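Structure first, then comments.
The values are calculated or read from the model by the stated rules, or taken from the named source; none is laboratory data. Since we're looking at a predicted model, the values are computed, not measured. Here the Cβ is made from the backbone with ideal geometry for all residues, glycine too, and neighbour counts use every protein chain on show. Side chains are part of the model used for accessible areas, which takes the heavy atoms of the whole protein and leaves out ligands, DNA and RNA. Shrake-Rupley method; radii C 1.70, N 1.55, O 1.52, S 1.80 Å.
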Amino acid sequence: MFKAVLIEKDDAGYRAGLCELDDAALPEGDVTVRVEYSTLNYKDGLAITGKGPVVRKFPMVPGIDLAGTVEASSHPGIAVGDRVLLNGWGVGEGHWGGLAQRARLKGEWLVPLPAAFTARQAMAIGTAGYTAMLCVMALERHGVTPDKGEVLVTGANGGVGSVAVALLARLGYTVVASTGRPDEADYLKALGAAEIVDRAQFAAPGKPLARERWAGAVDTVGSHTLANVCASTRYRGTVAACGLAQGMDLPATVAPFILRGVTLVGIDSVMAPREERIEAWSRLARDLDPARLELMTREIGLGEAIDTAAALLEGKVRGRVVVDVNR
Ligand code: NDP
């Protein structure tokens, strides 16, 4: 038997609860993992609360991330005792996920836990942090170097935002953090932000073009915010778009793209190819200051995941939450 968060949907409604499950209930897969830590991302919040159509099969164990030790494997190249981590691939959406003490998965989804990280640190990073790294790599690929000027991070107090601020600052960029929580300015400065701006300036419909300011941007917010960020990006700058915390719409014009040569890069972590994941994790090992990671991390037990998921969607969680599935 193992403990898990379980989401059910039936005549009694949509609900998540903590329960004990039999190993025989685990889904198909060629690797069984003894999970040590999982985490809460925005998508886990949507899944647990039912506020977004994330879960595609019921009952479902949520948790798009996990880290732990291989307990059984018939997958070539993965042996009992291997330390592994998993991000995405539809796990926690269509296949039972990481908010449980045990998981059965496809071996091809697993990445070796980098030697630089404990399972807890890997989950403090989680999909949010790995996505932030994918965004930084996209900016680099498009020639956004620290000497080009200021880089904006929206949703800066969130998980993706916090890691993006810390990474970019460590790499030498001048980071401007956009947030709706100006009272967290000290926290954002401790992560490396040079300046804090109020997210209200991006939130409402704006002009097709605004004053050129950002050499690059990491946007976790979407909607009018993303439109306004593109409109204020400098000639030939790049915006990496990964989120929709304000909305899924993009009420923009083509003006920034055809008049200023701005590049809008889409970032998807869920189905990203394995080589890119391995590269992102090795970059995280190199470029993320462990002290800053600890500063942005709070730990909870499995039983607290359900209440914390609701708080996360309400924008009340700062940085990252790791879940110790064994307490
Ligand atoms: P968090 O909830 O941790 O952070 C989201 C942040 O967005 C909040 O902390 C808040 O920051 C800001 N925010 C919330 N609501 C609004 C709003 N109405 N208007 C403007 N800003 C708002 O989530 P994550 O960091 O885990 O994820 C961020 C986004 O990225 C989500 O939309 C998520 O779905 C997406 N994502 C996408 C991935 C991909 O593969 N493309 C992977 C991971 C995440 P503040 O308080 O500082 O304003």
Report the label-to-label distance for R274 and K207 in nanometres (one decimal), using points 7 Å from each Cα along the Cα→Cβ vector. 5.1
Whole-number percent relative contact order across the chain, with pairs defined as alpha carbons under 8 Å at least 6 apart: 19
Just to compare against my own numbers: the Cα pair-distance distribution for the stretch 145-252, 5 Å bins, whole % per bin, please. 3, 15, 26, 26, 19, 9, 2
Longest to shortest principal axis, alpha-carbon extents of the stretch 185-238, angstrom: 34, 24, 18
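Carbon and sulfur: what percent of the stretch 71-173's accessible surface (1.4 Å probe)?
So the carbon and sulfur contribution to the accessible surface is 54 percent.
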Amide H of W214: which non-local residues (sequence gap of 5 or more, or other chain) have their own amide H closer than 5 Å, using H built in the peptide plane? T233, R234
Rounded to the nearest 5, the percent of DSSP beta bridges in the chain running antiparallel is 55
From the backbone phi of the stretch 152-157, what are the Karplus-calculated ³J(HN,Hα) couplings (6.51 cos²θ - 1.76 cosθ + 1.60, θ = phi - 60°) in whole Hz, Gly and Pro given as x? 9, 10, 9, x, 5, 7
Please list the radius of gyration and Dmax for the chain, considering alpha-carbon atoms only, with Å as the unit. 19.5, 61
With every protein chain kept in place and a 1.4 Å probe, the stretch 39-111 has an accessible area per residue in Å² of 34
Within a Gaussian network of the chain (alpha carbon springs, distance under 10 Å), most fluctuating of G172, G94, G158: G172
Distance histogram in 10 Å bins (all Cα pairs of the stretch 67-223, percent per bin): 10, 32, 28, 19, 9, 1
Rg/Rh for the stretch 80-165 to two decimals, with Rh computed the Kirkwood way over all alpha-carbon pairs. 1.04
Taking the C-alpha atoms of the stretch 1-125, convex hull volume expressed per residue in Å³: 94
On a C-alpha basis, how far is the centre of the stretch 1-48 from the centre of the stretch 259-327 in Å? Whole number, if you could? 19
With θ set to phi - 60°, apply the Karplus curve 6.51 cos²θ - 1.76 cosθ + 1.60 along the stretch 72-86 and write out the HN-Hα couplings as whole Hz, x wherever there is a Gly or Pro. 8, 7, 10, 8, x, x, 10, 10, 4, x, 5, 8, 9, 9, 9
Tell me whether the stretch 1-68 comes out rounded, prolate or oblate; compute the Cα gyration tensor, take square roots of the eigenvalues as a ≥ b ≥ c, and use a/c under 1.5 as the rounded threshold. oblate
Most mobile of G161, G247, G13 per a Gaussian network model of the chain (Cα springs, under 10 Å)? G13
Which percent of the accessible heavy-atom area of the stretch 208-327 goes to carbon and sulfur, probe 1.4 angstrom? 54
Take the Cα radius of gyration of the stretch 244-327 and divide it by 2.2 N^0.38 Å, with N its residue count; two decimals is plenty. 1.52
To the nearest Å², the heavy-atom accessible area per residue of the stretch 168-324 with 1.4 Å probe amounts to 46
